[in-house]
Amino acid sequence: MIDVEKIKTKIGIIQENLEELKKLKEFKFEELSKNKRDLAACKYFIRSAIEAMIDIGSHIVAKELLGTPSTNVEIMLTLSNKGVLTEENLSTYVKMVKYRNRLTHFYQEVIPQEVFDILQNKLQDFELYIKDILNYFKQSNSI
C-alpha cells in the first residue's frame, strides 16, 4: 500500500527546494558564476529535488507492483507506461534524472551556465512532476 504521508513529505521537499531555487533565480549569471557558495547551493537544491522525484517514483513502482526497474530512468519509463506520469512530460523527467547523475557523478564537469539555465528555464518542470503525481492520486482517490 502506498504511504501517502511519504509521498506528501517528498512533494514538500521538492517544493521547499523550488522555493530556494526561485530566490537564487534572481541572480544575474555573472553574480552566480562568481559566487561558489550560491552556485553550490543551486546544485544541491536541484539534485535534492530530483532525488525526491526519484524517491516518489520508486515508492509508487514498489507499492503498486509495477515491476523492478534497475535504473532511475527506468523508474520514470515505468511510471509513464503505467499512466502515473504523462507521456508528454516523460522526456523532461528522463532528462532531469540523467542530470541528477551528472550532478552526482560528473560534478566537476557541471558548468555555471547550465545551472543558470535550469534556474531561468526549467524550474516549472518540477511543478509538472508534482502535478502529474497529484493527478494520479486524485484519479485513484488516494490523496
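Per-residue Cβ neighbour counts within 10 Å put Ser48, Ser91 in the sequence Ser91, Ser48, beginning with the fewest.
Within the straight-line cut-off of under 22 Å between alpha carbons, the lysines reachable from Lys6 are Lys63, Lys82, Lys131, Lys138, sequence neighbours fewer than 8 places apart in one chain being disregarded. Region 45-75 and region 76-143 have Cα centres lying 11 Å from one another. In straight-distance terms, cross-link reach from Lys28 covers every one of the aspartates and glutamates whose alpha-carbon lies under 18 Å from its own, apart from those fewer than eight places away in the same chain; here that gives Glu19, Glu20, Asp38, Glu114, Asp117.
Counting every C-alpha pair in region 4-139, the share spaced more than 24 angstrom apart comes to 29%. Length gained on full extension, Ser58 to Lys98: 12.9 nm, using 0.36 nm per residue less the C-alpha separation.
For the chain, relative contact order (Cα pairs under 8 Å, six or more residues apart, normalised by length) works out to 30 percent. In order along region 10-21, phi translates into HN-Hα couplings of 5, 4, x, 5, 4, 5, 5, 5, 4, 4, 5, 5 Hz, rounded to whole numbers, per the Karplus curve 6.51 cos²θ - 1.76 cosθ + 1.60 with θ = phi - 60° and x for Gly and Pro. With R₀ fixed at 25 Å, the C-beta to C-beta distance from Lys138 to Glu19 puts the FRET efficiency at about 0.60.
We did not get these values from a lab; they are worked out from the coordinates using the rules stated. For clarity, every value in this text was computed on a predicted model and none was experimentally measured. Note that we place each Cβ from the backbone using ideal geometry, even for glycine, and neighbour counts take in every protein chain shown.
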